[in-house]
Amino acid sequence: MVDSVYKTRMRTNLCGEINKEFAGKDVILSGWVNKRRDHGKLIFIDLRDFSGTVQLIFDSSKNKNSYAVAKNIRNEYVIGISGKVRMRSKDTINPSIPTGEIEIVVKDIKIFSKSKSPPFMLEDRNKVEENTRLKYRYIDLRTNKMQENIRLRHKVAAATRKYLNSRGFLEIETPIMAKSTPEGARDFLVPSRLNAGKFYALPQSPQLFKQILMFSGFDRCYQIARCFRDEDLRADRQPEFTQIDLEMTFVEVDDVMEVIEGLFNYIFKEVLGKRIEKSFKRIKWKDSMENYGTDKPDLRFDLTIKDFSDIFKKSELKIFKDTLKNNDGCIKSIVVDDSSKLTRKELDDLVEMAKKSGAGGLAWIKIDEGMSFQSPIAKYLSDIEKKDLIKALSLKKKNLVLIVADNFITSCQTLGVIRKYLAEKLKLVNENEFKFVWIYNFPLFEWDESEKRMTSVHHPFTKPDENTISYLDTDPLKVNSQAYDVVLNGEEIGGGSLRINDANLQRKIFKILNMDEKRIKDNFGFLIKAMEYGVPPHGGIAIGMDRLVMLLGKLNSIREVIAFPKTQSAVCLLTGSPSSVTEEQLREVFIKIEEDNK
Ligand code: ASP
């Protein structure tokens, strides 16, 4: 028998390692008391460490001292024992655990640490409120599920490092105390004691440092990087999260995609023992919006969106007529094969859902057995329109057509939401499938109505696409970018781009984003300056590590794969951060808190 890699001076093995091959051998084990059963002259204890549990037996007739200690032991005490492994009698074998054929007759026992009665039993984890689990995270993390999740995360990180190292990437750290360089979200600020009135910012990502490492000749680098964004936390976001962040020199879009496809292939094989497609499907942003109503399409099911605006050019129906008068007005639909799968109430819910997504409403048509239209709008449709519709959508008996007439984005997005809802409702998703897709050819800018200015769809360092760059001065919204997102099962798990490597172009982009010379100089002067000393073409990407591990583990919250996550209101229930600090600490960093905010 080979020595366990876990052997220390306080144990020969892990609890879960002991099986019938150990029968007759002496072992030393340490761990937590999972359960104690007092049978009078015999006391049984299930001893637990991360590897599993093993049954200990204390016999009053054989070893009085240990028996006496075991009498007073409770759940979650930490103990060490030595004893002899023996086979269990046939009728007490537990075939459901690997150690179920043996037990350990304890000679000596030592209590390392006592435990209060725990706030919840480990096996009750699913019944306990999440806030209680977060407050007593050290108990929660002892459960099999959390041990499994955090180990899964470790495996993903280890596989990532192994793969990227083998492709010539260097792991290079960059500052956590960084400069405030707004990338879209709000910065977390850190006051400086040595520089009165000045602040560091925690990095929203290592973006500019990883670019500057490329300017510095390192060729390719990566980080499993902690990123900080001070945003209101929508469901399943964390103020600090982790990205697999990488950057490469002398690359085109295909080069970055190939590395990521290789990385995912490696991670899936190493961590899940699963094969995935060698290269992923690619869909242009506009096509993804048109066909799936989102830039994060779930390709595990079909239900694509179809446009049939052309048929209704001369429609009598006011809503169709008015919509098509507008420049980007269109009429789009999703066809469900069997209308009986949705109740009348569910149809009404779909209408409400469409309104919530910003559309004026949702029209529906049921095709009956005789291929006639049952619908509140049927009487407004001409026979030719009906015929054309049947042909355009290849309609069959029993089909249900769901229609939205609105501007391009609203009609796409509304049907995108409905598509997702229907997939769940009609159980169209194969939960065991992993479907990747690249979305590319995004617009470079979008108009932010609330701020009345252009913003970057990706970030300001993204290179414009060569075919549309000529619109930069005349109609920037027409310029596309060389950015790409990788989507898995309808979740965006990463995004990146080729970067600008020309100081003048970078300055121009900042100006389109409404930054004046002073702001450009204050925030990004160092970047522009660095770009004046020879910058190679470069590009990169960041993969959301928390989300990736969550999807690999088929979990439904990123808090399940983060050892110490924060709540929706950005609070750590375990440590109580954020918390007040002393007047003295504040004075040292030149900060005064107004009475009202204390
Ligand atoms: N810095 C980007 C982000 O955090 C990723 C990238 O462009 O590489 O989303």
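Observations on the model:
- Summed over region 557-570, the residues that are buried (at least 16 other Cβ atoms within 10 Å of the Cβ) and either of a type in the set (Phe, Trp, Tyr) or part of a loop (DSSP other than H, G, I, E, B) (or both) give a count of 4.
- Members of region 444-477 that are touching a strand residue (DSSP E or B) at 6+ places or on another chain (Cβ under 8 Å) and of a type in the set (A, V, I, L, M): Leu444, Met454, Val457, Leu472, Leu477
- Candidates Leu513, Leu498: the one that is buried (at least 20 other Cβ atoms within 10 Å of the Cβ), in contact (Cβ under 8 Å) with a residue 60 or more places away in the chain and under 30 Å from the mean Cα position of the chain (by Cα) is Leu498.
- Test result for Asp91, outside any strand (DSSP E or B) and either touching a strand residue (DSSP E or B) at 6+ places or on another chain (Cβ under 7 Å) or without any contact (Cβ under 8 Å) to a residue 60 or more places away in the chain (or both): yes
- Residue in region 87-101 that is touching a Lys or Arg at 6+ places or on another chain (Cβ under 8 Å), under 26 Å from Arg142 (Cα atoms) and among the acidic types (Asp, Glu) present: yes
- The residues on offer are Arg275, Arg237, Arg282, Arg229, and the sole one that is crowded, with 17+ Cβ neighbours inside 10 Å and of a type in the set (Lys, Arg) is Arg229.
- Total residues in region 463-494, condition among the hydroxyl-bearing types (Ser, Thr, Tyr) and buried (at least 22 other Cβ atoms within 10 Å of the Cβ): 2
- Top-ranked residue of region 446-461 - restricted to ones that are away from the ligand (no atom under 16 Å from the Cβ) and either under 24 Å from Ser205 (Cα atoms) or touching a Phe, Trp or Tyr at 6+ places or on another chain (Cβ under 8 Å) (or both), ranked as modelled with the lowest pLDDT: Glu451
- One residue from Arg226, Arg161, Arg153 being basic (Lys, Arg), within 30 Å of Phe280 (Cβ to Cβ), within 13 Å of the ligand (Cβ to nearest atom) and modelled with pLDDT of 95 or more: Arg226
- Scanning region 527-565 for residues that are within 16 Å of the ligand (Cβ to nearest atom) and in contact with a Pro (Cβ under 6 Å, 6 or more places away or on another chain) yields a total of 0.
- Single residue of Asp26, Asp46 found to be within 37 Å of the chain's Cα centre (by Cα) and in contact (Cβ under 8 Å) with a residue 12 or more places away in the chain: Asp46
- Number of the condition not met by Glu103 [criteria: (1) buried (at least 16 other Cβ atoms within 10 Å of the Cβ); (2) of a type in the set (D, E, K, R); (3) not in a strand (DSSP E or B)]: (3)
- Among the residues of region 183-212, those identified as in contact (Cβ under 8 Å) with a residue 40 or more places away in the chain, in a loop (DSSP other than H, G, I, E, B) and within 13 Å of the ligand (Cβ to nearest atom) are Glu183, Gly184, Ala185, Ser205.
- For Met177: the one exception among (1) more than 23 Å from Ala157 (Cβ to Cβ); (2) within 15 Å of the ligand (Cβ to nearest atom); (3) not polar (S, T, N, Q): (2)
- Residue in region 397-417 that is within 16 Å of the ligand (Cβ to nearest atom) and either surrounded by 16 or more Cβ atoms within 10 Å (Cβ to Cβ) or within 30 Å of Lys508 (Cβ to Cβ) (or both) present: no
The values are calculated or read from the model by the stated rules, or taken from the named source; none is laboratory data. None of the values given here were measured: they were computed from a predicted structure. No Cβ is skipped: glycine too gets one built from the backbone with ideal geometry, and neighbour counts run over all protein chains shown.
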